[in-house]
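The structure appears right after this line, and notes come after that.
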Amino acid sequence: MPPGAQAKLLRTLENGEIRLWSADGARPLRTLASASMPAEVVAYSADGAFIAGGWQDGLVRVWNAESGAQQAELRLGGSLR
């Protein structure tokens, strides 16, 4: 993590949301996605610049980790399981 950067956590919720939280868990920083089902997987890119989330129906979304702006949406040809 770069000097001065704030540690953050990703959390998936049953209502389909992916939330970015401060590492101390004191406050949510933003909601990245809302879908009809919980995300199966969420991850940061190796450089920490992007966040990806994937759903059981094959939907994958990518966001800018700093701004929260969605960068891409992909539909894979099958389940992520």
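Could you tell me which residue of segment 23-49 is farthest from Ala69 (Cα to Cα), considering only residues that are at pLDDT 85 or above and open to solvent by less than 50 Å² (accessible area, probe 1.4 Å)?
Ala39
Out of (1) open to solvent by less than 80 Å² (accessible area, probe 1.4 Å); (2) hydrophobic (A, V, I, L, M, F, W, C); (3) without any contact (Cβ under 8 Å) to a residue 40 or more places away in the chain, what's the single condition that is false for Leu10?
Failing condition for Leu10: (3).
Need the failing condition index for Ser36 against (1) in a loop (DSSP other than H, G, I, E, B); (2) touching a Lys or Arg at 6+ places or on another chain (Cβ under 6 Å); (3) of a type in the set (Ser, Thr, Tyr), just the number.
Only one criterion in (1) in a loop (DSSP other than H, G, I, E, B); (2) touching a Lys or Arg at 6+ places or on another chain (Cβ under 6 Å); (3) of a type in the set (Ser, Thr, Tyr) is unmet by Ser36, namely (2).
So, in segment 1-22, of the ones that are outside any strand (DSSP E or B) and in contact with a strand residue (DSSP E or B) (Cβ under 9 Å, 6 or more places away or on another chain), which residue ends up modelled with the highest pLDDT?
Filtering first and then ranking leaves Glu17.
For segment 50-72, how many residues are assigned to a loop (DSSP other than H, G, I, E, B) and surrounded by 12 or more Cβ atoms within 10 Å (Cβ to Cβ)?
5
The values are calculated or read from the model by the stated rules, or taken from the named source; none is laboratory data. Bear in mind that the values here come from a model prediction, so they are computed numbers and not experimental data. Don't worry about glycine lacking a Cβ; one is built from the backbone with ideal geometry, like all the others, and counts go over all protein chains shown. Areas reflect the complete protein model, heavy atoms only, side chains present, ligands, DNA and RNA absent. Shrake-Rupley method; radii C 1.70, N 1.55, O 1.52, S 1.80 Å.
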